[in-house]
Amino acid sequence: MAEAKQGSESHGTESQGTESQGSESHGTASQGTASQGTASQGSESHQAVRKHFLAEIATAPDLATLESLRVAALGTSGEITALLRGLRDLPRESRKEAGQALNSLKGEVEAALAEAKARLGAVANQAALQAERLDPTLPVDGLEVGHMHPTYRVMEEIISIFGGLGFEFVEGPDIDSTWNCFTALNIPAWHPARQEMDTFYIGTKETEEAEATKQQAKSENKTGDKTEDKTGNKADNKAQPKEVPDTERLVLRTHTSTAQVRTMLAAPPPYRVMTAGRAYRSDSDATHTPMFHQLEALVIDRDIHMGHLRGTIEMFLREFFEIDDLPVRFRASHFPFTEPSAEVDIGCRRTAERLEVGRFEDGEWLEILGSGMTHPAVLQNCGVDPDKWQGFAWGIGLERLAMLKYGAPDLRSFMEGDLDWLRRYGFVPLARASQIWGE
Amino acid sequence: MRFTLSWLEEHIEWHDEPKQGRAAARPDAQAVAETLDKIGLEVKALEAPDAALEAFSLGRIVEATQHPNADRLRVCKVEVAKGGKPHLKGKGGKTEIVQVVCGAPNAKTGLTGVFAPPGTWIPGTDVHLKPAEIRGVESCGMLLSERELGISDEHEGIIALDDSLKVGTAYLEATGQDETTFTLGITPNRGDCFAVRGIARELAAAGYGVVRPLPPYNPPTTGKSPLAWQCTLSKSDLHLAPAVRGRYFSIEQNATSPEWLRRRLAVAGTKVISPLVDLTNYFTFDLGRPLHVFDADKLTGAMTIRRARKGESVLALDEVEYQLTPADIVIADGKNGERAIAIAGVMGGLETGVTAETKNVFLEAAFFDHESVAFSGRRHGIDSEARRRFERGIDPQSLIWGERLAAGMILRLCGGTASAVTGYGTPAKTRPAIALPDNAVHRVSGAKIPLRRQRQHLEALGFTVSENKKAKKLSCRPPTWRGDITRKECLVEEILRIEGYDCIKGTALPPSTSDNQKHLHATRQAVPETTRQAARVRALACLRGLDEHLGYSFVSEARARLFLQDGQTLTRVLNPISTDLSVMRPSVLASLIPAAARNLAQGAGRVAQFELGPTYRGGKAQDQEMRFAVIRAGLAAPRSWREDERQADIFDTKGDALAVLAALGAPTDGLRTIALTPDSDSNSSSGSNFPVCPGWLHSGRAGALVLGKSVLALFGEIHPSHAKSLGLRSRAAVAEVYLEAVPPRRKNKSRVEAAPDNRLQPVVRDFAFVADKSLEAETLLRSIAGAAREEIVSVRLFDIYEGKELGADKSSFAVEVLFRPHGRAYTEADLEALSKTITDKVQKATGAVLR
C-alpha cells in the first residue's frame, strides 16, 4: 500500500512538471529549424533515443546528473525536443502517427525522470538528516534524585494503612512531663519499669541558672523519684528543699504513648488515633540507640475488645510485610499501661547471615510488638470512665520494622547519615503512592 | 530466673492430663518452654547440656604409686565404668580397673575424679585422647583438671569430687549439668514467679500437674532468743516494716554446703559461700523468700528497725560503704539501735555477716514495704536478689512458713540448736475478694469461655472462688502471694492467659461510635496538615536531588551554643549518654552539618543532604519547633557532559528554601530577600530590625527570606572559621526553613481567576542597566517590575557584566522583560513609551541607567 501510494504521488508531481516543460517547449518550438528525416527513419532513431535515455536515467547517480540528462533530452536543444520540432517537416498524413509516437516517447522519458528525481531526492534528504545525527544513547541528567530515609518511609507506609481505616494521626512533643510519660500511664515512681526505661531528664531553667554540673545531674537523677514516696516526703524536702516535684520534672519521652495521654486529656472519647515520632532511652549498644522512633495506635470506644486488637494487628502486620499468610502469635505479657497485655510474635527464619520474616517450614517466632487493653487506671487518669469505655493500644519500633522489611542490618546506621547507606536502604520519592501526600 | 525441670519437681507432681490426670514422667523441656512463653513467663534462654562433656564419667583412684621412670608422675589404678562409657542415668552398672599415668600432685588413693576414656576429645586442650605409653608405662585414659574440661583455668591438680558419688556416673549427671536450664524474664508484676515454686504453680495451672504442699514444720526449740526485735518506726511509718521474725541458733559448723545445694545454686547462677549464706540464697530462689543471717556474736543490744539517720552509713556485703538518708529503712543493733547493720530488704552489712567460724546465728525474716525497698535500692544503685523480690511484692505469709522452714534447714545443715521465734506484727492472711461479672471475660476478649472453666483456671492459680448466681458474678479471693491482683481486669487477664490467647479470634474493627464526621469518613483528613506538609517537603527535597538525613535531637554543648539564636535557651539533658549528645539541638544544622562533613571526609565529591525534624528553643513541651535544613557542598550537580562543572553555592540552597516554602504554601511572590550584614546599624535594605548575620554564617554571603516582618528562612555559606570545628574541609552552603513561621494556608481560597478573553501576544524586550555594585539586584528587579505593574508579566535577570569600560564600582544587569498588552496590540510607539517609563522610573528609584 505504502509503495503504491508513493508511486501515485510521484506521478502527480511528474505530470505538473510535464505541463510546464510542455509549455516551454511549445514556446521555443517556433524558433527551431526543420529536421530532415523520414517517419520510418524516425521510428528507428526514436527507439535508440528511448533506450539511451531510459538507461541513463535509471543509472543516474545523483540529482545533478539527472538534470543534465533532462536538458539533453527535453531541454531547448535536447534530442527529443529536436525530434518534436522535426515533425513539422513531415508530410501531413504521417505527421499524426509520428507525433503520437514522439509524444509517447517524451512522456515515457519524463516519467522516468520524475521517478528518478523522487528516488534521488529521498536519498539526498536522508543524507542531510544523517549529517545532523545525535547519539541518543548519551546519558541524561536530572534522574539523580535524593533518597528518603527508611524510617520516615516506614512511617508513611503505616500511616497510609491506618489512615484508610479511619485512624486519626496525632502528634506530641519530645519533651514532656513525668506525669504524662509515666504517672498517667500507671507507672508510679517506685515501679521497676521506671528504672528499666532509663529516662533522660531535661534541665529546667533553675538548674541551668545554677550551672548544673554533670555530677549534680547524676545525683538529681538518682534521688529524683523520691518525692513521690509519700512516706519519705517530709524528710526529703527538708534535706533537699529545692527539688522539683517529680510529676513536674521534664523528660525526653521514653515512648510515644505520651501522645495517647495528651489525646485523651484533650477531648472526650471515642478515640481512634495513631501517633509516631521520636522516643529516647538512655541506652546505647549494637541493638539500642539513645533515640529511636515509635508508632502507636489507640482505639477506645464502647465495645472494643481484644478480638479487635488481634484483628487489627494481624491485618496491619500482613499488610505491612506484604505477606498474606504471615503467622502471627499473641501471648500473655505484662505492661503497666495495659491489662490484659499481649506480646505479638511473627513467623521468621534465622540463618547465620539474615533474619527473614514470613511463613517457613522450619520457622521460629520473633517478638515484634507490645499491645493490650488499655488499663482502666490509665483511662481514669486521663479522665475517661473505664466502666463506659474500653479499648486497646499497641506500639512498635519503626527502625526495627525497617530493618525487618528492608534488611538494613545495623540500627546505629539509621542516625549516621552515611550516603552509601542511605542510597542502599533509602527510597526514591513518589515510587509508591502515599495517602499522606494528597491535598 | 534460672532453674531446671528437676528443681521444679520439688514443687510439682507431673500429671499426664490437665488438672485431673495421673502421675506422669517428666515432660519435654521444649514443650514446657512453649507453655511458659504462652502464659506470660517469657523464656529468654533454654540451654541444653554441654555435649562435649557427655563422654566423661566419674572414676576413683584405688591405688596410686610412684612412676618408675619419672619423679613427678604417678601410676594410678582407677576404677571406672566398664568400657569407659558412662552409666545410664540412675541405672548404675559394672566397673573395671584401668591404669592411668597422672602428673597431678593431688592424684592420691581414694580421690574421685573425672575420667576421660581413650577416643574422647578433651575440650580444654583440643586433644583427641589415645592409649599411650608414658615413659615406658601404659596409660589408658586421663583424669581431668578443670582447665582440661574447659570450665576454668585451674590446672594445679585434677578435679576432686564428693567421695559419696558413684563410680561410672556421668560427670554431667553427678554435677547437675545434665539437664536443660531455663532462663526466664520475669515481668515486674510477678514477684511470685521470682521463685521456682511460683513457676511450678503456673505450670500446674497450665495443666502440667499439681503443686506439692509445703511441709508443715516447726523446729524443736530450746528457750527464748537472747536477741529480740524492736521497732522504733512511728505509727505512720509502721507500714514500711509491718512484721518481722527472727530466731537464734547455736550451730556446729558453717564450712561446706552439701552437693545438692551447691548444684542448685550453680543452676541459679550464684556463688557458693557457706551453708548459712547458701541456704538463705536458696530460699530466695526456691521460695521467693529473702532471708538474712547475722553472726549473733557480733550483735549487741536489740535488733531494731528504724529510719536511717542523716549522715549515717553502712558497709554492705558488697564491701561498698553506702551513705544513708532518712528515706532508708535500716536494721540496727546496739542498746538504742545506734548502729545500722543492714539496709532493709536490699543488703546486709559486712561487719555482722557470718563466716566459716560463726558459732551463733541470728536469722532475720522480714516484711518490708515494696515502694520503700524499691527507692532504697535505686538510690544506692543496688540490684540485689532480695530487693528484686521485695519491690515486686512477696507473699506476706512466707514470713511465717519461710522462717520455720529455714530454721529447719539451718539445723539440718549446720547442726546445733534453735531458740523460740521472736518478732512482731502479723502478716495478712487473706486478700480482699474481687467480683468478676460473668460477662467480664467476654466483654474484654470477645472470647466465650464457660464460667466453670474460668473458675477452674483461677482455682488452679490458688484463688478462692465462689459463685453468686443471682448477681451473675464470681467472687474471687486472690492468694496471699498475688499482690498484683487488684481489680477485675487482673482476673480477666489470669483467665485468658491460662486459657491461652489463641481463644481470642481476630475481628474487624466496628465503625466508630463517634458522631464526628471526620472520624467516620476519615481517610486523608485523618492526617493533620503538618504531617502532610512534612511528607510533601520530603518528596520535594528528594526530587531536588537532596538525600534525607535523620539526626539525633541532642548534640554537643559547643555545637548547640554555636547555633543558639535570640529567644532560645540552652536545653540540657541532665543525664546524657555522652557529652556529644548532651544538649537539645536549637537548629537542625547542628546535627546535619557534621553528618555532611563525615560524608565529605569519606570521599564524597559532592554532598546534598537535608533533614526535616524538630528543634528545641527551650526545655518545655511547647518549645519544640519543626525546621527544614539543607546543606550542599562540593559540585552543585554531578559532573555532566552537557554542562560545565560548578560548585554549589548559596543560590542553590536559597532555591531549596524557596521551593520548600512554596511546597508549604507560603506566598512566594510576597517574599523578600534580605542580605544579612555583620552588625545591625548598617542594615542595608530597609533599616528595619531584621536579624543580623548569625556567627556561624559567612557575613558576606548570607541572606534571609522574609514575609512582612517574619523571617521564614535563613541561607548562606558556613563561616570559614567555624567550618573547621564542624568538621567541614570545604565551603558549604546551607539554609534553614522555619516551618512554623509560614502562615497557614487559608481554607476555601483556592479558586483561580480566569484569564481575560482576548489574549494578545506578549512582547519581549531586553534592557541592560548599569548600576553601582552596591545596588542589590532585588531592589533593581522590583523597581523594574513596579514601573509598569499592569503590563509587565515577568522580569528575568539573565546576565551580569562587570568591565573596565563600566567603571570599577559598576555592574551591568541584563534583564528580559515580558509585556502583555491589554485591549489592543502594542505599536512600536507604545513600546518606546513603556521602555522610557521604565528607564526613567528605575533611574529615579535606584540610580541605575540604561546602558
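The values are calculated or read from the model by the stated rules, or taken from the named source; none is laboratory data. What you are looking at is a predicted structure, and each value in this text was computed from that prediction instead of being measured. Here the Cβ positions follow ideal geometry from the backbone for every residue, glycine too, while neighbour counts run over all protein chains shown.
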Hits in region B:1-15 (condition: crowded, with 18+ Cβ neighbours inside 10 Å and either in a loop (DSSP other than H, G, I, E, B) or within 14 Å of chain A (Cβ to nearest Cβ) (or both)): B:M1, B:H11
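Residues B:T530, B:T571, B:T615, B:T579: which one is at pLDDT 95 or above and either within 31 Å of the chain's Cα centre (by Cα) or farther than 23 Å from B:P694 by Cβ (or both)?
B:T615
I'm checking my understanding of the structure. Among residues of region B:422-452 that are under 30 Å from B:E252 (Cα atoms) and in contact with a Gly (Cβ under 7 Å, 6 or more places away or on another chain), which one is nearest to the other protein chains (Cβ to nearest Cβ)?
If we filter region B:422-452 for residues that are under 30 Å from B:E252 (Cα atoms), which is where we start, we get B:422-424.
Filter again for in contact with a Gly (Cβ under 7 Å, 6 or more places away or on another chain), leaving B:422-423.
Working: B:T422: 26, B:G423: 22 Å.
Going through the qualifying residues, I end up with B:G423.
State whether one or more residues within region A:336-343 are touching a Pro at 6+ places or on another chain (Cβ under 8 Å), within 11 Å of chain B (Cβ to nearest Cβ) and free of Cβ contacts under 8 Å to residues at least 60 places away in the same chain. Spell out the reasoning first.
Residues of region A:336-343 touching a Pro at 6+ places or on another chain (Cβ under 8 Å): A:336, A:339.
So of that shortlist, the ones also within 11 Å of chain B (Cβ to nearest Cβ) come out as A:336, A:339.
Among the residues that remain, those that are also free of Cβ contacts under 8 Å to residues at least 60 places away in the same chain are: A:339.
Within region A:336-343, one or more residues are touching a Pro at 6+ places or on another chain (Cβ under 8 Å), within 11 Å of chain B (Cβ to nearest Cβ) and free of Cβ contacts under 8 Å to residues at least 60 places away in the same chain.
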For B:R536, state whether it is touching a Phe, Trp or Tyr at 6+ places or on another chain (Cβ under 7 Å), over 23 Å from B:W696 (Cβ atoms) and in contact (Cβ under 8 Å) with a residue 60 or more places away in the chain. yes
Hey, B:I97 hits all of (1) over 17 Å from B:P131 (Cβ atoms); (2) not aromatic (F, W, Y); (3) not in a helix (DSSP H, G or I) but one; which does it fall short on? (1)
Hey, A:V109 in contact with a helix residue (DSSP H, G or I) (Cβ under 6 Å, 6 or more places away or on another chain), in contact (Cβ under 8 Å) with a residue 12 or more places away in the chain and surrounded by fewer than 20 Cβ atoms within 10 Å (Cβ to Cβ) or not: no
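Which count do you get for residues in region B:359-376 that are in a helix (DSSP H, G or I) and surrounded by 24 or more Cβ atoms within 10 Å (Cβ to Cβ)?
First, pick out the residues of region B:359-376 that are in a helix (DSSP H, G or I): B:370-376.
So of that shortlist, the ones also surrounded by 24 or more Cβ atoms within 10 Å (Cβ to Cβ) come out as B:372-376.
Adding up the residues that qualify gives 5.
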Near pairs, Cβ below 6 angstrom, 6+ apart or cross-chain, from region B:66-94 (free of Cβ contacts under 8 Å to residues at least 40 places away in the same chain) to any residue that is of a type in the set (F, W, Y) and surrounded by 12 or more Cβ atoms within 10 Å (Cβ to Cβ): none
Can you find a residue that is within 8 Å of another protein chain (Cβ to nearest Cβ) and under 24 Å from A:S413 (Cα atoms) anywhere in region A:314-328? no
Region A:288-308 - residue that is farther than 28 Å from A:W389 by Cα and assigned to a loop (DSSP other than H, G, I, E, B) and, of those, farthest from the other protein chains (Cβ to nearest Cβ): A:T289
Subset of region A:402-427 that is over 21 Å from the mean Cα position of the chain (by Cα) and touching a residue at least 24 places away in the same chain (Cβ under 8 Å) - its residue that is farthest from the other protein chains (Cβ to nearest Cβ): A:L404
Identify, by number, the condition in (1) modelled with pLDDT of 90 or more; (2) over 40 Å from the mean Cα position of the chain (by Cα) that B:L240 doesn't meet. (2)
Flagged in region B:668-678 as assigned to a strand (DSSP E or B) and either of a type in the set (A, V, I, L, M) or more than 24 Å from B:G786 (Cβ to Cβ) (or both), in numbering order, are B:I674, B:A675
Sort out which residues of region B:629-667 are within 41 Å of the chain's Cα centre (by Cα) and in a loop (DSSP other than H, G, I, E, B), and write them in order of number. B:L664, B:G665
Only one of (1) more than 42 Å from the chain's Cα centre (by Cα); (2) at pLDDT 95 or above does not apply to B:Q253, and that is (2)
May I ask you to say which residue of B:A755, B:A713 is crowded, with 19+ Cβ neighbours inside 10 Å and either part of a loop (DSSP other than H, G, I, E, B) or within 45 Å of the chain's Cα centre (by Cα) (or both)? B:A713
Within region B:638-650, can one find any residue that is within 19 Å of B:A560 (Cβ to Cβ) and touching a residue at least 40 places away in the same chain (Cβ under 8 Å)? no
Residue pairs within 8 Å by beta carbon, gap of at least six or interchain, first lying in region A:127-154 and more than 8 Å from every other protein chain (Cβ to nearest Cβ), second among the basic types (K, R), listed first then second, are A:V154/A:K405
Positions within region B:545-568 being more than 7 Å from chain A (Cβ to nearest Cβ) and not aliphatic (A, V, I, L, M), in sequence order: B:F554, B:S556, B:E557, B:R559, B:R561, B:F563, B:Q565, B:D566, B:G567, B:Q568
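Tell me the residue from B:A302, B:A327, B:A356 that is touching a helix residue (DSSP H, G or I) at 6+ places or on another chain (Cβ under 6 Å), modelled with pLDDT under 95 and either small (G, A, S) or surrounded by 24 or more Cβ atoms within 10 Å (Cβ to Cβ) (or both), please.
Values: B:A302 fails: touching a helix residue (DSSP H, G or I) at 6+ places or on another chain (Cβ under 6 Å); B:A356 fails: touching a helix residue (DSSP H, G or I) at 6+ places or on another chain (Cβ under 6 Å).
Being touching a helix residue (DSSP H, G or I) at 6+ places or on another chain (Cβ under 6 Å), modelled with pLDDT under 95 and either small (G, A, S) or surrounded by 24 or more Cβ atoms within 10 Å (Cβ to Cβ) (or both) holds for just one of B:A302, B:A327, B:A356, which is B:A327.
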Would you list the strands (runs of 3 or more DSSP E) that sit entirely within region B:164-267 and hold 1 or more residues that are surrounded by fewer than 15 Cβ atoms within 10 Å (Cβ to Cβ)? B:181-185
Step by step: first the residues of region B:268-285, then only those that are assigned to a loop (DSSP other than H, G, I, E, B) and farther than 19 Å from B:V346 by Cβ, then the one that is farthest from the chain's Cα centre (by Cα). Which residue is that? B:S274
Do you know which residues across region B:334-352 are assigned to a loop (DSSP other than H, G, I, E, B), touching a Lys or Arg at 6+ places or on another chain (Cβ under 8 Å) and not charged (D, E, K, R)? B:G337, B:G345, B:V346, B:T352
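What residue, of B:I394, B:I331, is among the β-branched types (V, I, T) and either without any contact (Cβ under 8 Å) to a residue 40 or more places away in the chain or farther than 26 Å from B:A420 by Cβ (or both)?
Details: B:I394 fails: either without any contact (Cβ under 8 Å) to a residue 40 or more places away in the chain or farther than 26 Å from B:A420 by Cβ (or both).
None of the other options fit; the residue is B:I331.
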Part of a strand (DSSP E or B) and not acidic (D, E), is that true of B:A833? no
For region B:16-51, give me each residue that is touching a strand residue (DSSP E or B) at 6+ places or on another chain (Cβ under 7 Å), small (G, A, S) and either closer than 30 Å to B:E133 by Cβ or not in a loop (DSSP other than H, G, I, E, B) (or both). B:A23, B:A29, B:A33, B:A45
When the residues of region B:760-795 are narrowed to those that are touching a residue at least 24 places away in the same chain (Cβ under 8 Å) and among the basic types (K, R), which ends up surrounded by the most Cβ atoms within 10 Å (Cβ to Cβ)? B:R765
Could you please let me know if B:P594 is at pLDDT below 90, within 11 Å of chain A (Cβ to nearest Cβ) and closer than 18 Å to B:E548 by Cα? no
